[in-house]
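Engineer: Here you go, one structure.
The values are calculated or read from the model by the stated rules, or taken from the named source; none is laboratory data. Bear in mind the structure is a predicted one, so any value in this text is a computation, not a measurement. Here Cβ is always computed from backbone atoms with ideal geometry, including for glycine, and neighbour counts include all displayed protein chains.
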Amino acid sequence: MKNMKRYRLIILFCLCFLAVANVNAQNDWQVPAKENENLSPFLFDDDMILEGRISYENSCTSCHGSPGQDDFTPMAPPPGDPASDQFQLQTDGALFHKIKMGRGTMPKFEDAFADDELWNLIAYIRSFNKDYKQELPNMEGVVIPEYSMKLSFDENIDKLVVKVFANEEAQAEVGVTAYVMGTFGKFLVGKAQTNQLGIAYLDVDPTMPGDEEGKLNVLVKATKGFARAKMESKMTMVEPTIRKSAIEGRHIWSTDKMAPVWLKASFFITIFGVWLVLLVIVIGLRGIKKANEDEA
């Protein structure tokens, strides 16, 4: 019995030691100097923040919680709030390295996200720091091309075709992202890179709802480093959508034309009756007012 208690104490001591060691290891997370000074090759903008928010909500919220809410999961060591000084006082390069490589309880996201997606996450994290100013790499002697695009739709393969040019020359290895603009925001169509001919192909779901002519409002973004361009166009890419009443088929009549005559007659009689009652009330009030004035 005494030996059993002794073993339990030893096991408990070992677990506590490992927990403390893990906390200290995480708090003393040293990033290599070269990685610490790494800067984003992209200019943080609203699109990067939006894409970073989506990635964060899908992969980071479960541990770190909602930025600015201090609702991260209680762990050893605590994951921390991305909006806190614990995160915001670190360099962009340090955040990039830690998210990419992971350590201890922090997962490694190197295989889950491409480098540009990791920078999207950092752009989102920085959006919670009103004092943050992005440090840009030395651009001396670097010419940033001005992109232009041509959009078309190949109905034979259901693909959006994007051609990217700069000074009328095709641009290879340019990242292309396409969205469908809707009432409640943007819907991601897909991402691709241009080939040697400057062409990128993006799959289009033919079942997406368009307008009565089968058109979609498409927003396309081309980026490579600090070079970027946007283009919005309304294109015929899906089958025409016939708009129906939200209550069609749920009632005996769902449009004015289908309503029975007795219902229409009842409606107008009711409206006429309401106005007649109001008129009688007004006339009665005027009569009372006049009678009071005569008595006075």
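Engineer: Give me a count of the residues in segment 34-53 that are part of a helix (DSSP H, G or I) and surrounded by 15 or more Cβ atoms within 10 Å (Cβ to Cβ).
Structural biologist: Residues that pass the stated criteria total 9.
Engineer: So, one more: Could you give me the residue pairs with C-beta distances under 8 Å whose first residue belongs to segment 159-172 and is touching a residue at least 12 places away in the same chain (Cβ under 8 Å) and more than 30 Å from Thr207 (Cα to Cα), whose second residue is surrounded by fewer than 19 Cβ atoms within 10 Å (Cβ to Cβ) and among the charged types (D, E, K, R) wherever it lies, and which are 6+ apart or on separate chains?
Structural biologist: Pairs that qualify, where the first residue is touching a residue at least 12 places away in the same chain (Cβ under 8 Å) and more than 30 Å from Thr207 (Cα to Cα) and the partner is surrounded by fewer than 19 Cβ atoms within 10 Å (Cβ to Cβ) and among the charged types (D, E, K, R), are Phe165/Lys150; Ala166/Glu146; Asn167/Glu146; Ala170/Lys163.
Engineer: Restricting attention to segment 212-245, which residues are at pLDDT below 90, in a loop (DSSP other than H, G, I, E, B) and either surrounded by 14 or more Cβ atoms within 10 Å (Cβ to Cβ) or in contact with a strand residue (DSSP E or B) (Cβ under 6 Å, 6 or more places away or on another chain) (or both)?
Structural biologist: Gly225, Phe226, Thr241, listed by residue number.
Engineer: Give the residues of segment 246-296 that are of a type in the set (Lys, Arg) and at pLDDT 80 or above, sorted by residue number.
Structural biologist: To start, the set of residues in segment 246-296 that are of a type in the set (Lys, Arg) comprises 250, 257, 264, 286, 289-290.
The answer is Arg286, Lys289, Lys290.
Engineer: Could you list, in sequence order, the residues of segment 116-147 that are in contact with a helix residue (DSSP H, G or I) (Cβ under 9 Å, 6 or more places away or on another chain) and surrounded by fewer than 13 Cβ atoms within 10 Å (Cβ to Cβ)?
Structural biologist: Asp131, Glu135
Engineer: Which of the residues belonging to segment 54-89 are part of a helix (DSSP H, G or I) and polar (S, T, N, Q)?
Structural biologist: Passing the criteria: Ser55, Asn58, Ser59, Thr61, Ser62, Gln86, Gln88.
Engineer: So, in segment 157-197, of the ones that are at pLDDT 95 or above and basic (Lys, Arg), which residue ends up farthest from Ile144 (Cα to Cα)?
Structural biologist: Lys159
Engineer: Another question, if that's okay. Please count how many residues of segment 122-138 are closer than 12 Å to Asp46 by Cα and not in a loop (DSSP other than H, G, I, E, B).
Structural biologist: 3
Engineer: Give me the residue from segment 90-108 that is at pLDDT 95 or above and outside any helix (DSSP H, G or I) and, out of that set, surrounded by the fewest Cβ atoms within 10 Å (Cβ to Cβ).
Structural biologist: My answer is Thr91.
Engineer: For the subset of segment 149-179 comprising residues that are farther than 14 Å from Thr223 by Cβ and polar (S, T, N, Q), which member is surrounded by the most Cβ atoms within 10 Å (Cβ to Cβ)?
Structural biologist: Ser152
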